[in-house]
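Encoded as structure tokens, the structure appears first; notes follow it.
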Amino acid sequence: MTFAFDPLSLRLPAGHFIDGAHVADTPRAELRAPSTGQVIGQVPVADAAMVDRAVTGARRALAASGWAELPPRHRLVALHRWAELIEAEAGTLARLEAVCSSRPVAQAATGDVPVTAEQIRFFAEFADKECGALAPTGAGSLGFVAAEPYGVVGAIAPWNFPISMAGWKLAPALAAGNAVVLKPSEMTPFSALCLAELAVRAGIPAGLVNVVQGDGPLTGAALVGHPGIDKVSFTGSTRAGAAIMENIARSGIKPMTLELGGKSPMLVFDDADPDLTADCLERGILPNAGQFCVAGSRIIVQRGIADALAERLAARFARPRPAPTWAESPGFSPIISEPQLRRIDGIVQAARAQGGEILCGGARFDCEGSFYRPTLIGGVSADNPAVTEEIFGPVATFQTFDTEDEGMALARHPNYGLCAGLFTRDLSRALRLTRRLEAGTVWVNRYGRSRDHILPTGGWKASGLGKDLGREAFAANRRTKSVLIDI
Ligand code: NAD
């Protein structure tokens, strides 16, 4: 397969996708490719009336199609067909993804798209296998716990892995018998439209997968607050998650899943393998230019291995070369937008002003597009902004410690608790500290998700509520009903 393409000659889908069809709307915002800064398209911003049209359409389609009432195998078969079509259209989806995001087209085509198809199959299998429970009541009655879909799920996704994030929201919701209205990020609107089109082609009834384009304050807020939305599933920043909680509290209580930000520690002990650890530290911050929620952005190293790791990291951080996301071979990813690049640089410069030492990087690349150099900052105190704030860029801090307790104190973030990396060959220490680390996921002597989709992902503390992936994500798309019958 050839991956390279010309971004200006790509046919971009327009408008929203409602009731199984594209719906035109006035383009309101210009979309720029972060790889070059050139304008590549326009996006509409759905107002409350357009959101209402999508939500009422979804409710109607859910009732008319019998999606939740037919034998669950229907859902399983349709979702498997959808996964096949997604794989068959990997090239198209990857180009729509790469044109405006930070995802290199080759990685999207060979990674993001097939993994999304795999995750759809994973959730499809729950449709006809996950059972309720029989309750241990007295012989005079029969008690059971049944699980039912919510109805219409309002899903909101970020820009950093648009196809994967859409899949995480859509697949468990549909498998559980819900309809979905999805709002992708205003910066990466296109691939979700293609996913929705393929859903209809796969036999998922029209109106069950809807996509509304727009920003957070207008479209996102209208979706969350719509009375026809039964459950909210959100992935994005902690700030937007808090705004959504507030909106839900004001507009009527409904369940929500929030996958939010992180500032994950990479805790390295003297006995760790230096080469394997350096590979993991690199993998924890450089892919997608550090724009992933589980980025291991706080490197915390025991003094005896610090020099060996600093030297290895400096070499690895000097290697990446930027390339447009539509190049044949993946290069270092751009930062999603100029404002975001300026924000990253602002934190780096503030970190330097507060005593941080820039060990490498610390500036943008000297080329067109929004590319920022891999940056390592040493000499930082616990209250340095580079240590406290989620930067969402290729920037890591480097701190050292002597004792296990000192290392654990540095690893603990006052607000975030998404993930943690732990590097040691001492099994007892690994097990002891795995229990003490305040994070929804701990990776030991590795870093990053595997393809074991059964492992749920989600944060502690301000990193989120509830889980994506795993059995938990399927369960989060159903509500239980306790039934007691006297015999
Ligand atoms: P963001 O919060 O700015 O936007 C995310 C989505 O929310 C977008 O679609 C946006 O339009 C919408 N939105 C913003 N404000 C809203 C509001 N008030 N009401 C409703 N919708 C609103 O985040 P981003 O910049 O797109 O993504 C980066 C963030 O996402 C980072 O903080 C990252 O850690 C987080 N993230 C978390 C996970 C996870 O699994 N925990 C995964 C990916 C990204």
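The values are calculated or read from the model by the stated rules, or taken from the named source; none is laboratory data. Quantities reported herein were computed from a predicted structural model and do not represent experimental measurements. As a convention, Cβ positions derive from the backbone with ideal geometry for all residues, glycine included, and neighbour counts pool all protein chains shown. These area figures cover heavy atoms from the full protein model, side chains too; ligands, DNA and RNA do not enter into them. Shrake-Rupley method; radii C 1.70, N 1.55, O 1.52, S 1.80 Å.
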Of everything in the range 432-477, what is of a type in the set (S, T, N, Q) and within 13 Å of the ligand (Cβ to nearest atom)? Give them in sequence order. Thr441, Thr457, Ser463
Filtered residues of the range 233-248 (kept if of a type outside the set (S, T, N, Q) and out of contact with any helix residue (DSSP H, G or I) (no Cβ under 7 Å at 6 or more places or on another chain)): Gly236, Arg239, Gly241, Ala242, Ala243, Met245, Glu246
Close pairs (6 angstrom Cβ cut-off, 6 or more residues apart or separate chains): of a type in the set (Asp, Glu) in the range 317-338, within 16 Å of the ligand (Cβ to nearest atom) anywhere: Glu338/Ser370
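With a cut-off of at least 2 residues that are assigned by TED's automatic domain parsing to the domain that holds Ser237 and out of contact with any helix residue (DSSP H, G or I) (no Cβ under 9 Å at 6 or more places or on another chain), name the strands (runs of 3 or more DSSP E) lying wholly within the range 87-171.
133-135, 141-149
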Arg479 meets each of (1) crowded, with 21+ Cβ neighbours inside 10 Å; (2) in the same structural domain as Gly140 (by TED's automatic domain parsing) with one exception, condition (1)
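From the set of residues in the range 207-220 that are assigned to a loop (DSSP other than H, G, I, E, B) and buried (at least 19 other Cβ atoms within 10 Å of the Cβ), which is nearest to the ligand (Cβ to nearest atom)?
So, considering only residues that are assigned to a loop (DSSP other than H, G, I, E, B) and buried (at least 19 other Cβ atoms within 10 Å of the Cβ), the one nearest to the ligand (Cβ to nearest atom) is Gly214.
Have a look at Ala289, Ala323 and point out the one that is at pLDDT 95 or above, buried (at least 17 other Cβ atoms within 10 Å of the Cβ) and within 13 Å of the ligand (Cβ to nearest atom).
Ala289
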Residues of the range 380-428 that turn out to be farther than 18 Å from Leu309 by Cβ, of a type in the set (D, E, K, R) and either surrounded by 15 or more Cβ atoms within 10 Å (Cβ to Cβ) or within 16 Å of the ligand (Cβ to nearest atom) (or both), as a count: 3
If I filter the range 186-206 down to residues being open to solvent by 10 Å² or more (accessible area, probe 1.4 Å) and within 16 Å of the ligand (Cβ to nearest atom), which single residue comes out as nearest to Gly66 (Cα to Cα)? Glu186
Just the residues that are closer than 15 Å to Phe392 by Cβ and assigned to a loop (DSSP other than H, G, I, E, B), please, taken from the range 327-360. Ser333, Pro334, Ile335, Ile336, Ser337
Filtered residues of the range 339-371 (kept if within 21 Å of the chain's Cα centre (by Cα) and either open to solvent by 50 Å² or more (accessible area, probe 1.4 Å) or at pLDDT below 95 (or both)): Pro339, Arg343
Scanning the range 223-252 residue by residue, those part of a loop (DSSP other than H, G, I, E, B), at pLDDT 95 or above and either buried (at least 22 other Cβ atoms within 10 Å of the Cβ) or more than 10 Å from the ligand (Cβ to nearest atom) (or both) turn out to be His226, Pro227, Gly228, Ile229, Asp230, Gly236
